[in-house]
Every structure is written in C-alpha cells, then in structure tokens.
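Report on one structure; see the data block that follows.
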Amino acid sequence: MTTFGWYPVFLKEMLLFRRKLLRIGYLFSAMVAPFIYLIAFGFGLGRNVSINGTDYLSFLIPGLVAMSSMNNSYTWVCNSLNMSRLYFKTFQIFVQAPIKPASIMMGEVLAGMVKGLFASSLIIMVGFLSVDAFTLSPLFVAALLLNCFLFANLGVIIGMRTKSHEDTATYSNFFIMPMAFFGGTFFPVDRLPLIIKSAVYVLPLTHTSILIRKTVFDGEAMLSLALLILCATAFFIYGSKLIRQYSE
Amino acid sequence: MIKIDAVTKKYGTITALEHIDLSIGKGEIFGLLGPNGAGKTTLIKILTALSRPDSGTCAIDGIDVAAEPDRIKPYIGVAPQENNLDRELTAYENLLIYAMLHRCTDRETRIAETLKRVDLWDRKDSIVAGFSGGMQRRLLLARSLLTEPAILFLDEPSLGLDPQIRRQLWDIIRKTRIDGRTVVITTHYIEEAEALCNRVGILAKGRLIALDAPDNLKMNVGRFVVERINEDGKLIQRICPTRDAAHDMARGENNGVTVRKTNLEDVFIQLTGERLE
C-alpha cells in the first residue's frame with residue numbers, strides 16, 4: 001500500500017478538470033448561479049440595505065463564497081463519482097487497485113476542493129474589485145478550505161449512495177438548496193424565527209457563513225470551527241467506509 | 001493457485017451463481033464458457049474483489065479474496081467486459097494513472113512497451129473517446145498487462161472485434177501464457193475457447209455444468225456431428241462417437257447432409273438443450 005495512494009486519484013480528476021476548463025460552457029456553469037445572486041441581491045436589491053452597520057455587498061460576498069464553494073465542491077464530486085460508478089465504470093480501477101479506501105476518498109475530496117476553490121476564487125476577485133474593505137483574513141481562508149473539504153466529503157457520500165444519476169438531484173433539492181438560502185448566505189441567521197433558527201444552526205453552511213465573516217477568533221468562531229471539523233471528520237470516515245464496503 | 005469453494009451470489013431474487021466449486025492451476029489458460037447471463041462476469045467480479053459472494057469463498061494462493069482483497073490486488077490484472085477506460089483522457093494518461101495506482105516502477109518505459117505491444121503507440125496522445133471499439137479493447141488489454149500481473153482476468157476480451165484483430169489478441173494472450181501467467185478468460189465464442197484454453201468450465205444459469213479440457217468435453221459427447229436441414233428449414237443434428245458411425249448415419253439420410261467434428265457448442269447443446277448465444 002502506498003502512502004500517496006490518493007495522488008493518482010487526484011491526478012486523474014485534475015486531468016479531466018483541465019480538459020473541462022478549456023470548454024467555455026464549464027466556466028459559465030460554475031459561475032452563473034453566484035453571479036446572478038450577486039447582481040440581483042448585491043447590486044440590485046441590496047443597494048440601499050445595510051446589515052450590522054456595513055453595506056449589504058460586504059455582507060453578501062463572503063456568503064456567496066461559502067455558497068459557491070459548497071455547491072462546486074459537492075456537485076462536481078457527487079456527479080463525477082456517481083457517473084464513474086454507475087455509467088462509465090471507471091471507479092472500478094480504483095477499487096481493484098492496491099490502495100486504501102481512505103486514499104480513494106482523499107483523492108476525490110482534494111479534487112473536489114480544487115473545483116470549489118476555483119469557483120470561489122472568481123467571487124473573491126469580484127469582492128476585491130467591488131468592496132473597498134474586502135480582505136482575506138486567516139479565518140476566511142480556514143472557513144473556505146474547511147467548507148470545500150466538508151462538502152467534497154458529502155459529495156463522495158452521496159455519489160456512493162445514490163442508485164441513479166437522477167437521485168443526486170433529489171439530494172441537492174433537499175439538502176444543498178435549502179442550505180444555500182437559509183445557511184446565512186443572504187441574511188444573518190439570527191433574524192430567523194426561533195424554531196427555524198434552531199434547525200438552521202444544525203446545517204454546516206450556517207457555521208461556515210458565521211466563520212467566514214469573523215474578524216476575531218471569539219467563542220462563536222471557535223464553536224463553528226469545532227462543529228465544522230467534527231462534521232468533516234465524520235463525513236470523511238463514513239465516506240471511506242462506503243468505499244471499503246463497495247460491491248457490485 | 002485459484003480455488004473457488006461453494007460460491008453463491010444472488011441479485012435480489014435472481015441467482016447469478018449457485019454453489020460453484022472450481023480450481024485453476026498456475027500457468028493455465030482457463031476458459032469460462034456460457035451464454036449471456038450465465039454468471040461468467042459475476043464470477044470474475046468476485047475473483048477480482050469487485051463483488052462479494054453471498055456464501056462460499058474464493059482464494060488466490062490461499063488468500064481469501066473477500067476477506068483480504070488488498071493482498072491479492074497487486075497480483076491481478078483485469079480487462080473487464082464493460083469498457084471502463086476514461087474516455088476523456090488519452091491512451092497514455094489512462095495507462096499512467098493505472099501504473100501510478102499500482103505503483104509501477106519505470107512507468108514511462110513500461111507504458112511505451114505495452115502500447116507498442118497492442119499497436120497503439122502512435123495513438124498514445126489521442127483521446128480515448130475517438131478510438132474505435134477494437135482500439136479501446138486493445139487498450140483495455142494493454143492496461144491489464146501493464147503491471148505484468150501473475151493472474152490475468154479477461155472478460156469477453158474479443159467482444160465486438162473483427163476476426164483479424166481478434167486473432168492478434170489471441171496471439172497476445174498466448175504469449176502471456178508463455179510468460180508463465182495464469183489467464184482466466186470468459187467468452188461465449190466457441191472458437192476462442194477452443195483456440196486458447198487448455199481447460200474450460202461451462203456455466204449455464206449460474207451453475208457449473210461441465211469442467212474439463214475442450215477435447216475431453218467433446219469426446220464425452222461424441223466426436224462427430226451429422227447435420228441436415230429438414231423440410232421446415234430447421235437444423236437437425238445428431239452426434240456420433242466415431243467418424244465411421246457418422247458416415248453410416250449420413251448415408252442413410254437424403255441430400256444436404258454434412259459431417260463435421262464436434263465443437264464446444266455441441267457440448268453445450270447436449271448438456272443444456274440450448275444454444276450458446
């Protein structure tokens with residue numbers, strides 16, 4: 001067993017990613033949703049809105065980075081794994097190779113992170129161009145990396161569990177889309193009614209949205225960071241277990 | 001080298017394999033012959049750690065495949081029936097990823113040699129999606145040979161190939177045997193099983209119904225076949241133990257009678273009453 005068994009898994013995804021990047025449609029599909037939200041809510045509706053004393057765009061951009069990193073890390077891993085497992089059968093060569101399930105998991109997750117970071121970096125660039133006080137604090141970077149890692153793990157889990165490609169859309173509709181809207185992307189979670197707020201605090205994106213906007217590492221930041229790490233670790237262990245148990 | 005002991009596998013209510021017992025020796029080219037849906041691919045998947053049996057065990061060199069898959073993976077090469085090449089990668093990239101997964105040393109030389117062996121070296125930088133079906137099957141074979149595995153599993157290797165390419169493939173498989181490898185090959189082509197295999201197991205509806213050398217299987221049912229087409233256009237076949245008996249029988253028939261040697265399809269028909277399709 002190789003220590004760097006994850007690398008060929010990661011490399012394969014990167015070779016495929018590089019080819020996809022050359023297709024103009026890929027770039028647009030990664031960008032279209034966050035930019036629609038940015039234009040509609042940030043430059044449109046949010047022009048005269050301020051939250052906690054700052055303009056709405058300054059509030060929105062970190063939230064869009066969190067949302068975009070979630071969507072792209074999750075979606076690309078989930079779809080790629082689902083297709084390679086059920087239709088192209090390319091997942092078989094990983095299962096039949098002398099590498100550990102955790103290495104397959106790590107390779108897929110790191111590839112998902114790259115895709116999530118790529119999409120996020122485009123929003124970050126808009127942030128630098130449109131918001132005067134926009135900076136990348138260590139907490140921002142940590143939250144972004146952790147969010148990509150967490151949702152790429154979730155992508156592996158759903159990609160391994162779904163029995164058809166259509167099933168992945170069902171999971172997205174029930175988990176990813178509600179999180180994108182209620183997880184603190186567009187408005188502070190504490191403005192929600194108590195009963196909804198309690199449910200929303202269970203969602204990982206809520207804690208990324210909290211952490212990514214923090215400028216100081218206070219108690220709330222510590223709690224969000226701990227929950228994200230805990231959740232990501234649990235997802236990683238469960239995803240590795242699903243790969244270990246893989247049987248056709 | 002390979003020992004299959006009472007293996008049963010079900011998919012829902014369908015029994016894919018039922019109590020299969022089988023041993024395959026080192027250096028053999030062993031053929032699994034049977035129609036589509038007989039259970040050949042399921043057995044290969046179990047032997048290559050891609051699927052787990054519901055009961056029974058498969059062992060390679062005494063190692064239980066289901067219990068310790070990681071210990072057998074370095075010794076096997078697989079060319080599956082379903083094309084599992086990455087179609088958006090080049091031929092070279094497909095082999096590079098595979099070589100890295102299997103920790104091959106001297107990767108570049110080995111990839112070059114293997115691609116030359118299957119006549120694909122000049123297409124090494126082409127995207128696999130642009131390859132013909134025959135080229136993709138040759139690349140699958142190349143990938144399975146890349147790590148020089150002790151055991152090679154080839155699931156319907158010549159499916160969809162034209163006769164010329166098929167014979168090239170057979171030459172490569174025969175050479176593999178000379179190199180001392182064990183080859184397990186599934187096929188529903190009679191000619192392929194007879195040309196390559198020194199022992200054949202016949203599977204039908206998940207059960208192993210015959211196991212022997214092709215010549216012995218044919219001898220057991222009779223050496224010659226007398227064939228004629230009846231008035232309804234139906235093929236009538238009768239098997240005879242000797243050439244003289246077959247010619248005697250042919251003399252008693254009207255025109256349009258042919259006498260030929262028995263093949264493995266005749267064996268299959270004798271055992272199951274059905275054709276190999």
Seminar exercise, completed: Residue hits (the stretch A:1-33; within 22 Å of A:Val65 (Cα to Cα) and either touching a helix residue (DSSP H, G or I) at 6+ places or on another chain (Cβ under 8 Å) or of a type in the set (S, T, N, Q) (or both)) are A:Met14, A:Phe17, A:Lys20, A:Leu21, A:Tyr26, A:Leu27, A:Ser29, A:Ala30, A:Met31, A:Ala33
For this session: Working carefully through the options A:Phe28, A:Phe41, find the one that is free of Cβ contacts under 8 Å to residues at least 60 places away in the same chain and aromatic (Phe, Trp, Tyr).
Result: A:Phe28
Problem set entry | Pair list, Cβ < 8 Å and 6+ apart or interchain, from the stretch B:168-184 residues that are part of a strand (DSSP E or B) to residues that are among the basic types (Lys, Arg) | B:Thr182/B:Lys26; B:Val183/B:Arg177
For this session: Hey, could you check the stretch B:12-68 for residues that are of a type in the set (D, E, K, R) and more than 18 Å from the chain's Cα centre (by Cα) and say which is nearest to B:Thr272 (Cα to Cα)?
Result: B:Glu18
Seminar exercise, completed: Selection from the stretch A:75-96 of residues surrounded by fewer than 22 Cβ atoms within 10 Å (Cβ to Cβ), under 24 Å from the mean Cα position of the chain (by Cα) and hydrophobic (A, V, I, L, M, F, W, C) yields A:Met83, A:Leu86
For this session: Could you tell me whether the stretch B:63-70 includes any residue that is among the β-branched types (Val, Ile, Thr), in the same structural domain as B:Gly27 (by TED's automatic domain parsing) and surrounded by fewer than 17 Cβ atoms within 10 Å (Cβ to Cβ)?
Result: yes
Seminar exercise, completed: Scanning the stretch B:131-167 residue by residue, those of a type in the set (D, E, K, R) and either surrounded by fewer than 19 Cβ atoms within 10 Å (Cβ to Cβ) or in contact (Cβ under 8 Å) with a residue 60 or more places away in the chain (or both) turn out to be B:Arg143, B:Glu148, B:Asp155, B:Glu156, B:Asp162, B:Arg167
For this session: Residue by residue through the stretch A:11-63, note down the ones that are of a type in the set (Val, Ile, Thr), assigned to a helix (DSSP H, G or I) and more than 30 Å from B:Glu88 (Cβ to Cβ).
Result: A:Ile39, A:Ile61
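A quick yes/no check of all residues on (1) surrounded by 22 or more Cβ atoms within 10 Å (Cβ to Cβ); (2) in a helix (DSSP H, G or I):
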{"site": "B:Asn36", "(1), (2)": "no, no"}
{"site": "B:Lys45", "(1), (2)": "yes, yes"}
{"site": "B:Gly77", "(1), (2)": "yes, no"}
{"site": "B:Gln81", "(1), (2)": "no, no"}
{"site": "B:Leu95", "(1), (2)": "yes, yes"}
{"site": "B:Thr114", "(1), (2)": "yes, yes"}
{"site": "B:Asp125", "(1), (2)": "no, no"}
{"site": "B:Ala129", "(1), (2)": "no, yes"}
Exercise. Taking the stretch A:69-118, which residues are aliphatic (A, V, I, L, M), in contact with a His (Cβ under 8 Å, 6 or more places away or on another chain) and not in a helix (DSSP H, G or I)?
Worked result: A:Ala97
Exercise. Can you tell me which of B:Thr57, B:Thr8 is assigned to a strand (DSSP E or B), more than 18 Å from B:Arg199 (Cα to Cα) and touching a Pro at 6+ places or on another chain (Cβ under 8 Å)?
Worked result: B:Thr8
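The values are calculated or read from the model by the stated rules, or taken from the named source; none is laboratory data. The shown structure was predicted, so the numbers you read here are calculated from the model rather than taken from an experiment. As a convention, Cβ positions derive from the backbone with ideal geometry for all residues, glycine included, and neighbour counts pool all protein chains shown.
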